[in-house]
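**Q** Got a structure for you, questions after.
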Amino acid sequence: AQSVSQHNHHVILSEAASLELGCNYSYGGTVNLFWYVQYPGQHLQLLLKYFSGDPLVKGIKGFEAEFIKSKFSFNLRKPSVQWSDTAEYFCAVYNNAGNMLTFGGGTRLMVKP
Amino acid sequence: EPEVTQTPSHQVTQMGQEVILRCVPISNHLYFYWYRQILGQKVEFLVSFYNNEISEKSEIFDDQFSVERPDGSNFTLKIRSTKLEDSAMYFCASSKATGSFNNEQFFGPGTRLTVL
């Protein structure tokens, strides 16, 4: 069975600080990996996704993530966060065989102005 | 930009009652999903639906749950006899396709179900 771990449950940063949120997965097959974001009071939105090819994926709002197959990781990064990045961030792996997403536990990010 | 919509945003019900949660997926999407998130826990897959059939379901999706696409636009989740532990946020999602292309799932805003 596949699983996804996000090690940071809560992160507090000041504006302009750099961000890295960890995500590790366990899955034996070909992986498609996603980061979703949920802003306060809003629905889950896709930040970025990895299917194949370049392991460094760029998403919206200046976010990027790097797929490191040997480490089973897909960490999310942003060089300089803004107050508007305050949200909950979810890493997810797509199971091609079962057509489902398996989510990590989420990381709540608070950015102080 | 097209969105997945869900109604109601919040549903309060008594234990043992039936509830129906409604979703309108994005119109040209073919695959539909329900997920739930119990407070403080992970988002969990419940069921996927394609071509008027369940294509995959999790262990959570027992006989108390059912899904239906009653018309060309709505996708519903029914819980026949709610239990306290069914209290959660329920998310509907849809995608154009599956596999490794166009499998991005678009999520609705969720319905918060509270069972008393």
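**Q** Mind checking whether some residue in the stretch A:52-67 is away from chain B (no Cβ under 12 Å), part of a strand (DSSP E or B), surrounded by fewer than 13 Cβ atoms within 10 Å (Cβ to Cβ) and at pLDDT 95 or above?
**A** yes
**Q** Mind listing just one residue for me: the one in the stretch A:36-47 that is under 16 Å from B:S95 (Cβ atoms) and among the hydrophobic types (A, V, I, L, M, F, W, C) and, of those, farthest from the other protein chains (Cβ to nearest Cβ)?
**A** So the residue we want is A:L46.
Per-residue answers, yes or no, for (1) away from every other protein chain (no Cβ under 11 Å); (2) closer than 26 Å to A:G104 by Cβ:
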| position | (1), (2) |
| --- | --- |
| B:M15 | yes, no |
| B:I20 | yes, no |
| B:P25 | yes, yes |
| B:F32 | no, yes |
| B:Y35 | no, yes |
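**Q** Only one residue in A:K49, A:K78 is buried (at least 16 other Cβ atoms within 10 Å of the Cβ) and touching a helix residue (DSSP H, G or I) at 6+ places or on another chain (Cβ under 6 Å). Which one? Break it down stepwise before answering.
**A** Working: A:K49 fails: touching a helix residue (DSSP H, G or I) at 6+ places or on another chain (Cβ under 6 Å).
Residue meeting the stated conditions: A:K78.
**Q** Which ones in the stretch A:1-35 are within 13 Å of chain B (Cβ to nearest Cβ), free of Cβ contacts under 8 Å to residues at least 60 places away in the same chain and touching a Phe, Trp or Tyr at 6+ places or on another chain (Cβ under 7 Å)?
**A** A:W35
**Q** Here's a check for you: in the stretch B:12-61, which residue that is hydroxyl-bearing (S, T, Y) and assigned to a loop (DSSP other than H, G, I, E, B) is surrounded by the most Cβ atoms within 10 Å (Cβ to Cβ)? Give the steps one after another, and end with the answer.
**A** At the first step, the residues of the stretch B:12-61 found to be hydroxyl-bearing (S, T, Y) are B:13, B:27, B:31, B:33, B:35, B:48, B:50, B:55, B:58.
Now narrow it down to the ones that are assigned to a loop (DSSP other than H, G, I, E, B): B:27, B:58.
Numbers: B:S27: 9, B:S58: 17.
Within the stretch B:12-61, the match that is surrounded by the most Cβ atoms within 10 Å (Cβ to Cβ) is B:S58.
**Q** Please go through the stretch B:37-49 and pick out each residue that is touching a strand residue (DSSP E or B) at 6+ places or on another chain (Cβ under 6 Å) and more than 8 Å from chain A (Cβ to nearest Cβ). I'd like the intermediate steps shown before the answer.
**A** Here is the first cut: in the stretch B:37-49, the residues touching a strand residue (DSSP E or B) at 6+ places or on another chain (Cβ under 6 Å) are B:37-38, B:42-49.
Within the stretch B:37-49, B:Q37, B:I38, B:L46, B:V47, B:F49 meet the criteria.
**Q** Also: For B:G99, only one of the following conditions fails: (1) surrounded by 21 or more Cβ atoms within 10 Å (Cβ to Cβ); (2) within 12 Å of chain A (Cβ to nearest Cβ). What is its number?
**A** Every listed condition holds for B:G99 apart from (1).
The values are calculated or read from the model by the stated rules, or taken from the named source; none is laboratory data. Owing to the predicted nature of the structure, the values given are computational and were not obtained by experimental measurement. Note that we place each Cβ from the backbone using ideal geometry, even for glycine, and neighbour counts take in every protein chain shown.
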